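Everything on this sheet refers to the single structure shown next.
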2 protein chains.
Amino acid sequence: MTSEGAVCLLSGGLDSATAAAIARSRGFDIYALSFDYGQRHARELQAAVRVAEALGAKRHVTLRCDLRAWGGSALTADIPVPRGRSLAEMEKAIPVTYVPARNLIFLSLALGWAEVVKARRIFIGVNQLDYSGYPDCREEFLRSFEQTANMATKAGAEGGRFVIEAPLVHMSKSEIIRAGTALGLDYGLTWSCYTGGERPCGECDSCLLRAKGFSEAGMPDPLLAREG
Amino acid sequence: MTSEGAVCLLSGGLDSATAAAIARSRGFDIYALSFDYGQRHARELQAAVRVAEALGAKRHVTLRCDLRAWGGSALTADIPVPRGRSLAEMEKAIPVTYVPARNLIFLSLALGWAEVVKARRIFIGVNQLDYSGYPDCREEFLRSFEQTANMATKAGAEGGRFVIEAPLVHMSKSEIIRAGTALGLDYGLTWSCYTGGERPCGECDSCLLRAKGFSEAGMPDPLLAREG
């Protein structure tokens, strides 16, 4: 018996690793997809390779698609990454680390691969609770994408239905960490920091939200334990 | 006075060149976007460079994004391109030259660039009349994309509205050729053939539809005149 495939967007971070672990726990063959899009460093892509391997992915593609061609984000242009912000500050406005249309671009590419391998599910690790700043992490965007996806494709025109699975969308960071831990996911394999030093910087929004999540989950972060 | 920008998807073919010429005639600054996505040959990308230059594009980006990573089309995998088909045969089913999710991928990337340069219009040269086979050339897909685009972006979340301009969507190939000719577009700069020989093959669907268009418009194809 061949299991059904699912394309899983895998950044190398904590959230997408958890979403992919959930896909695996539901019995899907994992087609892991990462993007070398000109982000500030390669550490998260190395983490994605480790996570894909740990999850026994059927295939892992790292696609190069250089969004530095137009920049427009602290992750793809020479704009400083904010440091040491409070949660209140983070929630005040869409941050400069927003990459224009990134999740739409990634989901569209995932859809292309899904159609080729006859997968109908795409897993994405967005969550709108702990970081509502990004418009493309909201459920309403995902549902709209799903409709568009079904009109954009041969499979959709022939009656197939693509489903965007965002199992974390309404979970807090600590709930995500507890869920992944329960599935045996080793968060020491993941990388969240926006900068690419030897150790996580501990001060960017991504490090701060990760630390808050582990703290609220009452667990040490295995990445810090390992590297400390 | 700075004119408003528009991102124009430019494949190097006849349709997208016409759509970009229409954008220019409406006074937009052209941000031309082409994709090196693993298509069978580079001739159409060379054509795109010529067209962008002829239209006085403000900038032209050719982005590499290799869809051969998963293939699934006669344009991105080792699947033969059909030859010598009648229109009736072409219209019977979605052809093997369909590239999974291609227009959705291209529009999503165009949207990212548009947001960065504060353009609100994206021009795409799809038409559903003369080649209804591709699901992602239909108006309903474009309107759905527009809605998704406005939810996917910071600009959309802040009240901006992106508009997908598909001026050719309900035109026949001969009407397109007449419109571009009236705007002074030199179709000798464009390339439509799916294969990459010295001269257009004259037998693939794209060559056949182009020939039919010029014939119905009562004009010689300047590309053939030039190369002949």
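Read-outs: derived from the displayed coordinates by stated rules, not from any lab. Computed from a prediction, not measured in an experiment: that's the story for all the values here. Glycine gets a Cβ as well: all are built from the backbone with ideal geometry, and neighbour counts include every protein chain shown.
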Here, the protein assembly as shown modelled as identical Cα point scatterers in vacuum has Debye log10 I(q)/I(0) at q = 0.09, 0.12, 0.14 Å⁻¹ of -0.59, -0.99, -1.28
Could you size up the charge dipole of region B:5-227 around its Cα centre, putting +1 on the beta carbon of Lys and Arg and -1 on that of Asp and Glu, and report it in debye to the nearest 20?
400
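Nothing charged except the Cβ atoms of Lys and Arg (+1) and of Asp and Glu (-1): what's the magnitude of the dipole of region B:161-228 about its Cα centre? Round to the nearest 20 debye. Walk me through the numbers before you get to the answer.
Numbers: 7 positive and 9 negative charges, 32 e Å.
That gives a dipole near 160 debye.
In which sequence would A:Glu198, B:Glu158 go, from the one with the fewest C-beta neighbours within 10 Å to the one with the most? Walk me through the intermediate numbers first.
Values: A:Glu198 6, B:Glu158 10.
Ordered by Cβ neighbours within 10 Å, fewest first: A:Glu198, B:Glu158.
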Once Lys and Arg are counted +1 and Asp and Glu -1 for all other residues with Cβ under 10 Å from that of B:Asp136, the total becomes +3
Counting Lys and Arg as +1 and Asp and Glu as -1, each charge on the Cβ, what is the dipole of the protein assembly as shown about the Cα centre in debye, to the nearest 20?
180
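Taking R0 as 45 Å, what FRET efficiency do you get between A:Glu91 and B:Arg68 from their Cβ-Cβ distance, rounded to the nearest 0.05?
Values: r = 42 Å, r/R0 = 0.92.
Calculated transfer efficiency: 0.60.
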Globularity index of region B:5-227, i.e. its alpha-carbon radius of gyration over 2.2 N^0.38 Å
0.97
Using Cα springs under 10 Å in a Gaussian network model of chain B, which residue among B:Leu109, B:Leu209, B:Leu75 shows the largest mean-square fluctuation?
B:Leu109
Quick check on the exposure proxy: order B:Lys173, B:Lys118, A:Lys58 from fewest to most C-beta atoms within 10 angstrom.
B:Lys118, A:Lys58, B:Lys173
Positive minus negative residues near B:Ala166 (Lys, Arg vs Asp, Glu; Cβ under 13 Å)
-3
For chain B, built as a Gaussian network whose Cα springs stay under 10 Å, the top-fluctuating residue of B:Ser86, B:Ser73, B:Ser192
B:Ser86
For A:Gly84, place a label point 7 Å out from Cα along the Cα→Cβ vector, do the same in each other copy, and report the separations in nm, one decimal, smallest first.
7.5
Could you work out how far the C-alpha centroid of region B:6-60 sits from that of region B:168-211, in angstrom?
14
Where does helix A:43-54 land angle-wise versus the long Cα axis of chain A, in degrees 0 to 90, nearest 10?
50
How far is it, in nm, from the label point at A:Thr181 to the one at A:Glu53 when both lie 7 Å from their Cα along the line to the Cβ?
2.5
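Expressed in nm to one decimal, what extension gain is obtained for the pair B:Ala225 and B:Glu140 from 0.36 nm per residue of sequence separation less their Cα-Cα distance?
Full extension from B:Ala225 to B:Glu140 adds 26.9 nm.
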Residues with amide H under 5 Å of A:Arg121's amide H, sequence separation 5 or more or different chain, H placed in the peptide plane at 1.01 Å from N; which?
A:Val7, A:Val163
If unit charges are put on Cβ atoms (+1 for Lys and Arg, -1 for Asp and Glu) and the dipole of the protein assembly as shown is taken about its Cα centre, the option from B:Phe35, B:Ala149, A:Phe28 lying farthest towards the positive end turns out to be B:Phe35
If I take every Cα pair under 8 Å that is 6 or more residues apart in chain B, average their sequence separation and divide by the length, what percent do I get for the relative contact order?
24
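Within 13 Å, Cβ to Cβ, of A:Glu44, how many net charges do the neighbouring residues add up to if Lys/Arg are +1 and Asp/Glu are -1? If you can, show how the numbers build up before the last one.
Working: positive: A:Arg40, A:Arg43, A:Arg50, A:Arg210; negative: A:Asp15, A:Asp36.
Local net charge: +2.
Among DSSP beta bridges lying fully in chain A, give the percent that are antiparallel, nearest 5.
Numbers: 1 of 18 bridges.
Restricted to chain A, the bridges split so that about 5 percent are antiparallel.
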Which residue fluctuates most in the GNM of chain A (Cα springs below 10 Å): A:Asp66, A:Asp186, A:Asp15?
A:Asp66
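Across peptide B:156-165, what mean number of C-beta atoms from other chains lies inside 10 Å of a residue's C-beta? Intermediate values should be presented prior to the final figure.
Details: counts 4, 8, 3, 0, 0, 0, 1, 0, 0, 0.
The mean count of partner-chain Cβ atoms within 10 Å per residue comes to 2.
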Sorting from shortest, the nanometre distances separating the label point of B:Leu129 (7 Å past Cα along the line to Cβ) from those of the same residue in the other copies are 5.3
Find every distance from the label point of A:Glu216 to the corresponding label point in the other copies (7 Å from Cα along Cα→Cβ) and write them in nm, one decimal, shortest first.
5.9
Round to the nearest 10 and give me the degree value, 0 to 90, for the angle of helix A:102-116's Cα axis relative to the longest principal axis of chain A.
30
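For chain A, what does the helix formula give at 222 nm: sum of -39500 (n - 2.57) over DSSP H segments with n ≥ 4, over the residue count, nearest 500 deg cm²/dmol?
Details: 9 runs with 92 residues, N = 228.
Only helices count here, giving -12000 deg cm²/dmol.
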